[in-house]
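In what follows, a single structure is set out as structure tokens and then discussed.
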Amino acid sequence: MAEIKLTQLRKKFGAVEVIKGVDLEIRKGEFMVFVGPSGCGKSTLLRLISGLEEISDGSLDFDGERVNDLVPSKRGIAMVFQSYALYPHMTVFQNMAFGMKLAKNSKEEMDARVTQAAEMLQIDHLLDRKPKQLSGGQRQRVAIGRAIVRDPRVFLFDEPLSNLDAALRVQTRLEIAKLHHDMDGVTMIYVTHDQVEAMTLADRICVLRDGMVEQVGTPEELYDSPDNVFVAGFIGSPK
Ligand code: ADP
Ligand code: MG
């Protein structure tokens, strides 16, 4: 069974439909990458899945249960944005622990989970710093760490590397791949407009165009047999 199933999913902003009947199944443990031109609806689709945006029509199921009306905090999803959205007045530790605190975890459990996630991301020496004392790459890791400590079953990433320089992009991309590997069975949905990111990270790629799914397949399938010139242009020879 699909862990996440979108059936004729639609989203309108006023009179304008931006997600136009998307059918898609995402399996448990899968690394699914959404690609497509700017404005095609990638971020909106992630926000519909996370519950940050209300669905206009169609249905969204997690493990066979309709979740259209479930609030974000009940969906077991963590989202990592391209802007780090850390609290400036809190330390790294406090930023990472914040989501857990809300969920009323014990202090011992909170310490243990934050420490473990910080070690995993190699930011354990930065736990007492404030965000402004960190580099962009370190901030992005704190944002990822904050997602990890909440122990989500699904991670959503919206162009998480786009504010990083080229070297850090590669390094952080490898770390996200390792995270997917280490967190056995965790599902990741990842938005990018970068072909190399898509080809190297994805189990499957979903190519979006103007609010609709153009083609879904493994990187090899899309590379070897794109359905049309649009898909070929997106997946084709990496620049
Ligand atoms: P992408 O992430 O692929 O660049 P988005 O999902 O951000 O695309 O946007 C898809 C379309 O929906 C765009 O035309 C955008 O202008 C529109 N849109 C996104 N959010 C809103 C909103 N809150 N209100 C009105 N239109 C929006
Ligand atoms: Mg976007």
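The values are calculated or read from the model by the stated rules, or taken from the named source; none is laboratory data. Since we're looking at a predicted model, the values are computed, not measured. All Cβ positions, glycine included, derive from the backbone under ideal geometry; neighbour counts span all protein chains shown.
Is the stretch 80-87 home to any residue that is surrounded by fewer than 20 Cβ atoms within 10 Å (Cβ to Cβ), free of Cβ contacts under 8 Å to residues at least 24 places away in the same chain and outside any helix (DSSP H, G or I)?
no
Within the stretch 70-77, identify whether any single residue is in a loop (DSSP other than H, G, I, E, B), on the phi < 0 side of the Ramachandran plot, surrounded by 17 or more Cβ atoms within 10 Å (Cβ to Cβ) and within 16 Å of ligand 1 (Cβ to nearest atom), and answer yes or no.
no
Filter the stretch 33-50 down to residues that are touching a strand residue (DSSP E or B) at 6+ places or on another chain (Cβ under 8 Å) and assigned to a loop (DSSP other than H, G, I, E, B), then give me how many there are.
Total meeting the criteria: 4.
Criterion first (within 16 Å of ligand 1 (Cβ to nearest atom) and of a type in the set (Phe, Trp, Tyr)) does residue 62 satisfy it?
Considered against the rule, which asks whether it is within 16 Å of ligand 1 (Cβ to nearest atom) and of a type in the set (Phe, Trp, Tyr), residue 62 comes out as no.
Would you check if residue 177 is over 27 Å from residue 74 (Cα atoms) and small (Gly, Ala, Ser)?
no
Can you tell me how many residues within the stretch 10-32 are part of a strand (DSSP E or B) and away from ligand 1 (no atom under 13 Å from the Cβ)?
So the count comes out to 7.
I'm trying to understand the selection: among the residues of the stretch 110-140, which are more than 20 Å from the chain's Cα centre (by Cα) and closer than 21 Å to residue 83 by Cβ?
Those that are more than 20 Å from the chain's Cα centre (by Cα) and closer than 21 Å to residue 83 by Cβ: 123, 126, 129, 130, 131, 132, 133, 134, 135.
Among the listed residues 129, 141, 169, identify the single one that is away from ligand 1 (no atom under 16 Å from the Cβ) and out of contact with any Leu (no Cβ under 6 Å at 6 or more places or on another chain).
129
Residue 34: within 16 Å of ligand 2 (Cβ to nearest atom), surrounded by 21 or more Cβ atoms within 10 Å (Cβ to Cβ), more than 30 Å from residue 129 (Cα to Cα) and of a type in the set (A, V, I, L, M, F, W, C), yes or no?
When the stated conditions are applied, residue 34 passes them.
Test each condition in (1) charged (D, E, K, R); (2) modelled with pLDDT of 95 or more; (3) out of contact with any strand residue (DSSP E or B) (no Cβ under 6 Å at 6 or more places or on another chain) for residue 20 and report the one that comes out false.
(3)
For the stretch 39-57, what are the residues that are of a type outside the set (A, V, I, L, M, F, W, C) and either more than 16 Å from residue 157 (Cα to Cα) or more than 6 Å from ligand 1 (Cβ to nearest atom) (or both)?
Selection gives 39, 47, 50, 51, 53, 54, 56, 57.
Can you tell which of 36, 41, 58 is touching a His at 6+ places or on another chain (Cβ under 8 Å), in contact (Cβ under 8 Å) with a residue 40 or more places away in the chain and at positive phi?
When all the criteria are applied, what remains is 36.
Within 16 Å of ligand 2 (Cβ to nearest atom) and of a type in the set (D, E, K, R) - does that describe any residue in the stretch 194-201?
Scanning the stretch 194-201, I find at least one residue that is within 16 Å of ligand 2 (Cβ to nearest atom) and of a type in the set (D, E, K, R), so the answer is yes.
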